[in-house]
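First comes the structure, then the notes that go with it.
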Amino acid sequence: MTVKQRGSRASSPAPLHDERLANDGEGGASDQEIYERIITSIMEHRLPPGTKLGEDKLAKIFGVSRARVRQVLARLALERVVVLHPNRGAFVAEPTVEEAREVFEVRRPLEALVVHRIVAKKDPAIIARLRAHVAAEEAARAARDRRAIIRLSGEYHVLLAELSGSTLAARLMHELASLTCLIIFLYDAPSVPACRDQEHSEITQALADGDEATAIRLMTEHLQHVEACLDLSRGRPEELDLEAALAG
C-alpha cells in the first residue's frame, strides 16, 4: 500500500539510490549503508515507532564510531523519521493522529502532480520501470513475503516521484512514504479489509494509456483505501530487540 531523497536532499540533485556518503577513513559500514539499513528496517516494519536508537548499540552493530552514528541519526531526524530528545537520545518517530491525517492530506496533491508529470513525459522506459516494480510486488505477494510487500509498496510511490523528474517531489515523497510506513505500523486496523493487490498495476496501466484523469482518480482512491485501513485509536507497540530488527 503504501514511505527519499535519502538524506540531506537539498544538497544534491543526484538520483536517490545513487547517493553515497564517505567513511572518512573509518572501517565498518558506510554512512549510506547505515542509513539504508535503518530506513529499510522501518519500511519493512522491523523497527516500530518509538524504538530507541542507542548510539552505543548502533555503533557496535555497524562497527563504527558513535560520531558516525550520530551523523546518520541527524540525517534521519531531518527527514522526520527519527526524533532526537535531549538527554534521552534518538527514537524512531511516532506520528500522531493529526500528523497521520496531514501526511495523507499532503500526499494527495503531490501524487496527482507526479502523475501529471509522468503522463506528460510519454516515456515507454518509465512505464517499463513501473511494470518491473509491480512485478516485484506481485512476486513478493506470491511468496507471502510480508516485509518485502510492505517495503515495495511504499517504494512504488517513491519510484513514481523519482521518474517524474522532480527532485523536490522525490525528496518529499521519500519522507512521506517513510512516515506512512510508521503510521501504518502504529495504526493499521487488522479487522479492516486490505487494499486490493492490483491497485498499483491499475495506476500503471492508466499511466501507460496516457489517461491522466483515470490515473489521478485511481491514485486518490488508493490513498483513501490506505487511510481507511487505519485505526487512529491504536496505542504504541512494545519495545523490541534493536539488533534483531536491523539484521535484515
- [ ] Starting from the amide H of residue 229, placed 1.01 Å from N in the peptide plane, find each other amide H under 5 Å away whose residue is 5 or more places distant or on another chain.
- [x] none
TODO: Give a residue-ordered list of calculated ³J(HN,Hα) values for the stretch 110-119 (Karplus: 6.51 cos²θ - 1.76 cosθ + 1.60, θ = phi - 60°; whole Hz; x for Gly, Pro).
DONE: 5, 5, 5, 5, 4, 4, 4, 5, 5, 4
Open item on the list: If packing is taken as the average count of other Cβ atoms within 10 Å, what order do 133-139, 82-88, 171-177 fall into, highest mean first?
Closed with: 171-177, 133-139, 82-88
Task: Reachable aspartates and glutamates from residue 121, criterion Cα separation under 15 angstrom, eight or more residues apart if same chain - done: 162, 209, 211, 212
Task: Under 5 Å, built H, 5+ apart or other chain: amide partners of residue 82 - done: 77, 93
Open item on the list: Could you work out what % of the accessible surface of the stretch 75-173 is carbon and sulfur, using a 1.4 angstrom probe and leaving DNA, RNA and ligands out of the count?
Closed with: 55 percent
TODO: Find the centroid of the Cα atoms in the stretch 24-93 and in the stretch 136-182, then give the distance between the two in whole Å.
DONE: 20 Å
Open item on the list: Cut-off under 14 Å on the C-alpha distance; same-chain residues fewer than 8 positions from residue 52 excluded. Which aspartates and glutamates are left, in chain and number order?
Closed with: 94, 238, 239, 241, 243
Open item on the list: Net charge around residue 56, counting only other residues with Cβ within less than 13 Å of its Cβ (Lys, Arg = +1; Asp, Glu = -1)?
Closed with: +4
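The values are calculated or read from the model by the stated rules, or taken from the named source; none is laboratory data. Since the structure is predicted, the reported quantities are computational estimates derived from the model, not experimental observations. No Cβ is skipped: glycine too gets one built from the backbone with ideal geometry, and neighbour counts run over all protein chains shown. Calculation scope for accessible area: heavy atoms of the full protein, side chains included, ligands and nucleic acids excluded. Shrake-Rupley method; radii C 1.70, N 1.55, O 1.52, S 1.80 Å.
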